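Below: the structure, in structure tokens.
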Amino acid sequence: MPILITGGAGYIGSHTCVELLNAGYEIIVLDNFSNSKPEALNRVKEITGRDFQFYEGDLTDRNSVEDVFSRNRIEAVIHFGGLKAVGESVLFPLQYYQNNLVGTLVLCDVMNRYGVKNLVFSSSASVYGMTNEVPIREDSILSVTSPYGRTKLMIEEVLKDLHTADDTWSIALLRYFNPIGAHQSGLIGEDPTGVPNNLMPYITQVAAGKLEKLQVYGNDYPTADGTGVRDYIHVVDLAQGHIKALEKVMSSSGVEAFNLGTGTGYSVLEIISAFEKVSGKKIRYQITERRPGDIAISYADPTKAKTELHWSAQRGIEEMCRDSWRWQEKG
Ligand code: NAD
Ligand code: UD1
């Protein structure tokens, strides 16, 4: 029976489709291309040599979602479909609540009606808010600082309530740290529209000469070199984490949160220097003010994923930088 991948044409979704197909799963993708292109799905087919069904549709449109479930006997859902830009969510909160919350409510309602109760959900380390305690464990206090983060936290709560009401649901809440990198083929990767907000796409565009220089947001944080520290994780490791979470939800019931991170933090200056080393490019940068809302240090305690999902990240920072750069050069 197939696995439904919502948002499967996106950055993390497309990499997860590759891993699922390589592992022998049958998949169906549902995406509205609000932040992706159909070409990504052709690339997934090219990488894997396997075909799959695809539906263009919006999760907030019940008929589109029903259409997929009425035509297929779905075994489980991996739910990536959602909007993810923090700054944009502050400017357009209703759009974020509508898309992320309503999309998830419609999806879960249709799943319920068709008796499909296995779900892997894309949550985010942003549910840990401004927490200062590192490494961050799943039982840390949750708080959020943006409408985007709030949609993730609210959806986590909705899914917990769903399981309380019906314990045959089996749900994994995957809290991603900072995904970077791309498939080693250079055929799929992150393709941000406009000027990137996140560090790695900004660095690769400076290296490619598309942007003049990087602004390093603050060098007065209480870290070794004063710049912010994050837990960067290779997107292929992240994708493989989804296979393990899928196996878990299909073989047990419950609702559990898992950190998907490496457990190691790198500063902005360390990332610049690792990138320069593998690409041979000099990254021009200037130190500027702190970015409002940023925290000093964030990295995961990934122990729970290791013991319960039998998953841990394998790829190091140089591989992450090399694959990000290969994708930028080919794109
Ligand atoms: P992405 O934007 O590349 O992929 C999301 C996909 O969902 C896109 O293809 C988009 O077109 C689709 N989509 C959005 N709304 C939809 C809707 N209403 N109906 C159907 N399709 C819809 O983002 P990504 O980086 O691959 O992230 C995937 C998920 O992981 C998102 O839910 C995101 O919030 C979460 N996440 C991402 C990061 C990150 O840094 N990339 C970190 C933490 C959590
Ligand atoms: C951001 C989101 C977070 C999301 C995560 C996903 C914000 C406030 N938070 O986190 O919700 O889950 O992406 O990957 O947007 N930096 C620079 N210059 C830049 C860009 C970033 O110095 O041009 C620094 C930041 O200050 C930070 C680090 O690089 O210390 C990483 O930033 P970024 O890639 O934006 O990720 P987060 O802020 O961790």
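Screening GLU319 on (1) more than 16 Å from ligand 2 (Cβ to nearest atom); (2) more than 27 Å from ALA208 (Cα to Cα); (3) under 19 Å from the mean Cα position of the chain (by Cα) shows it passes everything except condition (2).
The set of residues in the range 112-126 being part of a helix (DSSP H, G or I) and either over 16 Å from the mean Cα position of the chain (by Cα) or more than 16 Å from ligand 2 (Cβ to nearest atom) (or both) consists of ASN112, ARG113. Of the candidates ASP139, ASP161, the single residue that is acidic (Asp, Glu) and assigned to a helix (DSSP H, G or I) is ASP161. All conditions but one from (1) closer than 20 Å to ASN178 by Cβ; (2) surrounded by 18 or more Cβ atoms within 10 Å (Cβ to Cβ); (3) touching an Asp or Glu at 6+ places or on another chain (Cβ under 9 Å) apply to ARG326; the one that does not is (3).
Could you tell me whether LYS210 is out of contact with any Pro (no Cβ under 7 Å at 6 or more places or on another chain), more than 10 Å from ligand 2 (Cβ to nearest atom) and without any contact (Cβ under 8 Å) to a residue 60 or more places away in the chain? Judged against the criteria, LYS210 is a match. Checking each residue in the range 291-312 for being within 15 Å of ligand 2 (Cβ to nearest atom) and more than 14 Å from SER267 (Cα to Cα) picks out ARG291, PRO292, GLY293, ALA300.
State which residue is farthest from the chain's Cα centre (by Cα) when the search covers only the range 127-139 and only residues that are buried (at least 18 other Cβ atoms within 10 Å of the Cβ) and either within 13 Å of ligand 1 (Cβ to nearest atom) or polar (S, T, N, Q) (or both). Out of the qualifying residues, it is TYR128. List pairs: first in the range 140-161 and without any contact (Cβ under 8 Å) to a residue 60 or more places away in the chain and within 25 Å of ARG291 (Cβ to Cβ), second away from ligand 1 (no atom under 12 Å from the Cβ) and acidic (Asp, Glu), Cβ under 7 Å, 6+ apart or cross-chain? Sorted first by the residue in the range 140-161, then by its partner, the pairs are SER140/GLU133. Of the helices (runs of 4 or more DSSP H) entirely within the range 194-288, those holding at least 3 residues that are closer than 30 Å to GLU157 by Cβ, out of contact with any Gly (no Cβ under 9 Å at 6 or more places or on another chain) and away from ligand 1 (no atom under 16 Å from the Cβ) occupy 235-251. Residues in the range 170-193 that are assigned to a loop (DSSP other than H, G, I, E, B) and either among the hydroxyl-bearing types (Ser, Thr, Tyr) or within 16 Å of ligand 2 (Cβ to nearest atom) (or both): PHE177, GLY181, ALA182, SER185, GLY189, GLU190, ASP191, PRO192, THR193. Only residues that are under 19 Å from ARG230 (Cβ atoms) and either within 12 Å of ligand 1 (Cβ to nearest atom) or outside any loop (DSSP other than H, G, I, E, B) (or both): list them for the range 142-158, please. Once the filter is applied, which keeps residues that are under 19 Å from ARG230 (Cβ atoms) and either within 12 Å of ligand 1 (Cβ to nearest atom) or outside any loop (DSSP other than H, G, I, E, B) (or both), the range 142-158 yields SER146, TYR148, GLY149, LYS152. Listed by first and then second residue, the pairs linking a residue in the range 287-309 that is under 16 Å from VAL229 (Cα atoms) and at pLDDT 95 or above to a residue that is charged (D, E, K, R) and surrounded by fewer than 18 Cβ atoms within 10 Å (Cβ to Cβ), with Cβ atoms under 7 Å apart and 6 or more places separating them unless they lie on different chains, are ASP301/ARG137.
The values are calculated or read from the model by the stated rules, or taken from the named source; none is laboratory data. Please read all numbers here as calculations on a predicted model, not as lab measurements. When we count neighbours, we look across all protein chains shown, and the Cβ atoms used for this are built from the backbone with ideal geometry, even at glycine.
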